[in-house]
Amino acid sequence: MWASGLYLSLVIGLAIMLGHELKISLSIKSDVIYAFLLFLLLALLMTMPLGMHHADYFRTFPLLEAEKGIGTVLRGWYDDTVFHVSIIQSILNFGYPSIGQHGAPPMIYHVLSHYFDAFIVFATGLDPFDAYGMFALLKRFALLAMLCLLVSKLVGETPFIAMFGFTVFIPLNIDMWLPVISHGLWLPTLIFLGTLPWVYRKLFIQESNSLIDLISFFLLVIVISFGKVSFGFIYAAFIGCVVLFKHPKSSSTYVLGALWLLFFYLYSMNMPIESSATHGLNLRNVTFSSVLDLVASSHWIAYAICFCVLPALIIRKTNIQQCYFFSSSGFLIIICAIVVSVCTNLGPADKGYFQLATYTVLLSYSFILIGLNIPIFVDNANKNKLYESVLYVLLVVVMSIYSIVNFSTFSEKLLDRNREPYRVLNNSLMQPNLSLFSSIKNWRNRGWFISESGEIYTFRRKVNETIDRSNHSKAESALYLPSEVYHELPHDYGEKWAAGMFLYSVTGVPLLNAIKEEKVRGYGIYLYGNDAKRKRAGDFLLEEACDVSKVKQVLVVNSFSPPVIESLNCIGKNRSKEKQSKQGKA
């Protein structure tokens, strides 16, 4: 309970500062104290862990922990992690995304964040697999910094918005660090937050929008969609609703909507999901009860609605722009409900990201609306003592509830929603990663921590040495592991369907025949046919491998541990095949 107590004390301290500004009879006023309380609050947020399950996405020492099987899931490495690192490796090798499991066919996916990671890796010389956990920490800091910047832009002369922003808006926006946990969502979220004041001004303050504004909206949504298509779609729906309310008779409005729909249709058709080509749609699922079910079952949608209501409590007189906001918010929730109901090819995670995007958009715009109207609220509060006291207590309770519910089990729903971000501090931060901690503490296991003799490390070093001797780059090479060698790997490497992506993410060399006989939804597996499945050494043909991969050499792994790797040159084989092709045409 220590985290809840600390958070609650910080909120009380900030409430005291707010009370003085509202001319409530309190004696403390110090900018130094105020800044110190905010610093403690931000430090608490920054140290908030990812949770037990999501911690497996980002290991502190990924190669060594995979070597020793440290972690709660599958020997310290996770499917999502190796999938995203494989994409980064392909961007470094070829400049486009791929998972490199049988050659490197391009994969249409939201990869904006992956390009950013690839740029950092390229500039620093770090290994993508080894640096993945470090990137998570840097991304958490960048997200928190962007949220602080947004709050600071709205503070002005009213300290309440700072208190409300730091104690409610930022923690709710962080949630459980989902913009970081979801690899593709991080950079789009930063772009969304960074451009939020500008878009808000264009939509809700500026009376009309020019053609340049509409083009800017279009390009902004496209960029965000390249990072996370669900986020881009929801943001397009929100902006589109506002523009439609403002300019219902303008042809530019309908052209903008048509171009967005065309983009999302073409984009989703090529996403690496088995049912993307069929786009399973069931219009019979669109009912009034489906909307109600979404509100009842999704805490994100429920909280989005709550934050749309909060501005209405503060705003005394609603203007036409604010009517646009409330109307567009209602339509956005309906659109989200229709999408998750109609699209039968969406999995639970896909539906969750549509709901999360709706929540993020409405939460952020509601916060700006609250911030811009706080001066009116404070002025009314100082004129009406009863109004002042009631709303002051109400708002402080709202800002404290995320900590208060930790001390009680009176509501299962509140506790369930409160699991992130603050309850995880109580549950997780006090418990170290026992497997890692015990491995370091035990003197017999200390050697592995600095050892370079592990199987994976030795294998990667052998691959790199072979590449260096051949004077070919990784992009000009392909790695082939016979099915017999896969059986030599530890069980969670060789038998797992993502073992090929794990090896590619570690070595950076595209693989041949790395697909396991197991269908998996998504992950780019469906880019490959039956010829990409694992083969025995006796079925391997160098000419065929060279033709498929279009490389200059194939590295054949005859043994994983100790690593025995044979480099076979493709140049002569390719020339021979070209010569035979020309003779056949003649």
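The values are calculated or read from the model by the stated rules, or taken from the named source; none is laboratory data. A quick note: this is a predicted structure, and the numbers were derived from the prediction, not measured. Quick reminder, even Gly has a Cβ in these numbers, built from the backbone with ideal geometry, and neighbours come from all protein chains shown. Ligands, DNA and RNA are excluded from the accessible area calculation, which covers all protein heavy atoms including side chains. Shrake-Rupley method; radii C 1.70, N 1.55, O 1.52, S 1.80 Å.
Using a 1.4 angstrom probe on the protein heavy atoms only, line up Lys462, Lys139, Lys552 by accessible area, largest first.
From most exposed to least exposed: Lys552, Lys462, Lys139.
If I take R0 = 51 Å and measure r between the Cβ atoms of Leu211 and Ala142 in this structure, what FRET efficiency does the formula 1/(1 + (r/R0)^6) give, to the nearest 0.05?
0.95
With every protein chain left in place, what is the accessible area of Met176 in Å² (1.4 Å probe, nearest 10)?
40 Å²
Based on alpha-carbon centroids, what's the gap between region 109-153 and region 197-268 in Å, whole number please?
27 Å
State to the nearest 20 debye the size of the charge dipole of region 458-505 about its Cα centre, where the only charges are +1 on K and R beta carbons and -1 on D and E beta carbons.
Numbers: 6 positive and 7 negative charges, 41 e Å.
So the magnitude is around 200 debye.
Strictly over 32 Å apart at the Cα level, which of Lys462/Lys533; Lys228/Lys516; Lys351/Lys474; Lys68/Lys535; Lys153/Lys249 would you flag in this model?
Values: Lys462/Lys533 24 Å; Lys228/Lys516 28 Å; Lys351/Lys474 37 Å; Lys68/Lys535 28 Å; Lys153/Lys249 34 Å.
Pairs exceeding the cut-off: Lys351/Lys474; Lys153/Lys249.
Please report the carbon-and-sulfur percent of the accessible area for region 448-546; probe 1.4 Å, protein heavy atoms only, DNA, RNA and ligands left out.
Details: 2050 of 4280 Å².
Summing carbon and sulfur atoms, their accessible area is 48 percent of the total for region 448-546.
Out of the GluC sites (Glu not before Pro) in region 459-552, which ones are loop residues according to DSSP with at most 10 other C-beta atoms within 10 Å? The partial results should precede the final answer.
Details: sites: Glu465, Glu476, Glu484, Glu488, Glu495, Glu517, Glu518, Glu543, Glu544; in loops: Glu495, Glu517, Glu518.
Within region 459-552, the qualifying GluC sites (Glu not before Pro) (loop, at most 10 other Cβ atoms within 10 Å) are Glu517.
How would Asp127, Asp175, Asp468 line up by accessible area, probe 1.4 Å, largest first?
Details: Asp127 40, Asp175 5, Asp468 110 Å².
Output order, biggest surface exposure first: Asp468, Asp127, Asp175.
Residue by residue, what Karplus-based ³J(HN,Hα) values in Hz, rounded to whole numbers, does region 473-482 have, using 6.51, -1.76 and 1.60 with θ = phi - 60° and x for Gly and Pro?
Calculated HN-Hα couplings, in order: 7, 5, 5, 8, 10, 9, 10, 10, 10, x Hz.
Round to the nearest 10 and report in Å² the accessible area of Val342, as given by a 1.4 Å probe over the protein chains' heavy atoms.
Around 10 Å² of this residue is reachable by solvent.
Does region 82-227 come out rounded, prolate or oblate, given a ≥ b ≥ c as the square roots of the eigenvalues of its C-alpha gyration tensor, rounded meaning a/c under 1.5 and, failing that, prolate meaning a/b above b/c?
Verdict is oblate for region 82-227.
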